[in-house]
DNA sequence: CATAGACTGGACTATAACGTCCAATTCGGA
DNA sequence: TCCGAATTGGACGTTATAGTCCAGTCTATG
């Protein structure tokens, strides 16, 4: 797949973005290849030309796009958790992101449609989780260095727990439509970070 | 559907259990009606006789079965969170249950295959969450009454957060195959319950 | 400007799965 | 025992959608 003219790359990109958008709007189950072709003004042969693996390969590519977007949507806050104020802003950002998405989670949706749990699909999510957790952990370490969080706390452990709080909150929102659990869990997680911190503050 | 002879009820039950089992073993995506028929030695007409709504209705019924099972698997601990020891045992029980399930969550799997998010499907999960949270909250209240948890803590809020911890931990396990996040989140949740409790203990 | 190979259109095939239908059989109460 | 209703078997119809194929057009490069 070395040769890829400018035109070809553009077409591939158009298909990918069109697929992602259609999935966001209608869900994976209600997204057929023909839907994507119609929306992007492309033909079957083009889709299979750029995604030889067909639907599966395309969905995986969409998953990667969505995974990247998850982290992007949390920037710049996620990358700069250097004060309690920043943590609070990040918290609000996360809640707002999922609230506005309103009971939709393209990534979760795509994942569940990928054959069983393809190794490739698992890898995409696992890597997302790793990166996400690493950024949170970095924030925890920074706060510890600044003497705002108890140095005895294990940053990775805390980050893992916080990440689970978010995932669970979002998952529950998928069914209930409410962000109450997400907020409760996040607040508890932040309270835990604050707890037992040096009394000097 | 008033008349339902013993034989009929047995057949219906056989189909339901066969479907649930097959889904647990192969996942929803790889479960066709024909698979279920073959496994349960029944015919198309029987399936549609007892589940006029077809696949959708059957999956919903399976979802209810699995939802019930989730809570049952946590008993008797979940219903008797009256000491720190009981809470710990419950924690271990939850972790063990999902560890043994090994990266499978029949309920989540079934849910994601139900048309978009059918109201009926949402109702099943929402009710499960409500019952689950209520049991946890009851435990919190009991501990408060016994003076083991800070009375200032909102039981429902805490239960909601704890529930999200579990959901998130399990969700992450679906991709990573590890229960580390589940354990970290649960431990953090329990630590939060203990925090700020009356110093008399 | 010529050519090889990338790119495109869209008709066509394959098939997997759900759901329908009806005739045959069994069941349970009167 | 007898009859209407419940139950059953399985062939058949229908549809939706992924994937194939090939002929025709465009593009980059020598």
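Descriptive notes on the structure:
- Selection of the range B:1-35 for residues being assigned to a helix (DSSP H, G or I) and away from DNA strand C (no atom under 12 Å from the Cβ) yields B:12, B:13, B:14, B:15, B:16, B:17, B:18, B:20, B:21, B:24, B:25.
- The conditions of being within 14 Å of chain A (Cβ to nearest Cβ), surrounded by 14 or more Cβ atoms within 10 Å (Cβ to Cβ) and more than 16 Å from DNA strand D (Cβ to nearest atom) are not met by residue B:65.
- Of all the criteria given as (1) without any contact (Cβ under 8 Å) to a residue 12 or more places away in the chain; (2) surrounded by fewer than 18 Cβ atoms within 10 Å (Cβ to Cβ); (3) within 9 Å of another protein chain (Cβ to nearest Cβ), the one not satisfied by residue A:172 is (2).
- Restricting A:31, A:82 to those that are touching a residue at least 12 places away in the same chain (Cβ under 8 Å) and over 26 Å from residue A:190 (Cα atoms) reduces the list to A:31.
- Under the condition of being within 13 Å of DNA strand D (Cβ to nearest atom) and either away from chain A (no Cβ under 14 Å) or crowded, with 19+ Cβ neighbours inside 10 Å (or both), the residues counted in the range B:19-38 number 6.
- Candidates in the range B:78-91 are the residues that are in contact with a helix residue (DSSP H, G or I) (Cβ under 6 Å, 6 or more places away or on another chain) and either assigned to a loop (DSSP other than H, G, I, E, B) or within 16 Å of DNA strand C (Cβ to nearest atom) (or both); of these, the one that is farthest from the other protein chains (Cβ to nearest Cβ) is B:82.
- Residue A:48, sole failed condition from (1) within 30 Å of residue A:164 (Cβ to Cβ); (2) at pLDDT 95 or above; (3) within 15 Å of DNA strand D (Cβ to nearest atom): (1)
- Only one of the numbered conditions (1) within 12 Å of another protein chain (Cβ to nearest Cβ); (2) without any contact (Cβ under 8 Å) to a residue 40 or more places away in the chain; (3) assigned to a helix (DSSP H, G or I); (4) over 27 Å from residue B:58 (Cα atoms) is not met by residue B:96, and that is (1).
- Of the listed requirements (1) in a helix (DSSP H, G or I); (2) more than 16 Å from DNA strand D (Cβ to nearest atom); (3) more than 14 Å from chain A (Cβ to nearest Cβ), residue B:75 misses just one: (1).
- Just one residue in the set B:63, B:67, B:38 is closer than 30 Å to residue B:8 by Cα and either in contact with a strand residue (DSSP E or B) (Cβ under 7 Å, 6 or more places away or on another chain) or away from DNA strand C (no atom under 16 Å from the Cβ) (or both); that residue is B:67.
- Check on residue B:60, within 15 Å of DNA strand D (Cβ to nearest atom) and either within 14 Å of chain A (Cβ to nearest Cβ) or more than 20 Å from the chain's Cα centre (by Cα) (or both): no
- Test: residue A:100 is surrounded by fewer than 16 Cβ atoms within 10 Å (Cβ to Cβ) and more than 16 Å from DNA strand D (Cβ to nearest atom): yes
- Lone unmet requirement of (1) closer than 30 Å to residue A:28 by Cα; (2) surrounded by 15 or more Cβ atoms within 10 Å (Cβ to Cβ) for residue B:84: (1)
- Some residue of the range A:120-133 being over 15 Å from the mean Cα position of the chain (by Cα), under 27 Å from residue B:106 (Cα atoms) and within 12 Å of chain B (Cβ to nearest Cβ): yes
- Going through (1) within 13 Å of chain A (Cβ to nearest Cβ); (2) in a helix (DSSP H, G or I) one by one, residue B:70 falls short only on (1).
- A single entry from B:107, B:128 fulfils the requirement of being part of a helix (DSSP H, G or I) and either in contact with a strand residue (DSSP E or B) (Cβ under 8 Å, 6 or more places away or on another chain) or under 24 Å from residue A:119 (Cα atoms) (or both): B:107.
The values are calculated or read from the model by the stated rules, or taken from the named source; none is laboratory data. These numbers were taken from a predicted model, which means no experiment stands behind them. Reconstructed Cβ throughout: ideal geometry from the backbone, glycine too, with neighbour counts over all protein chains shown.
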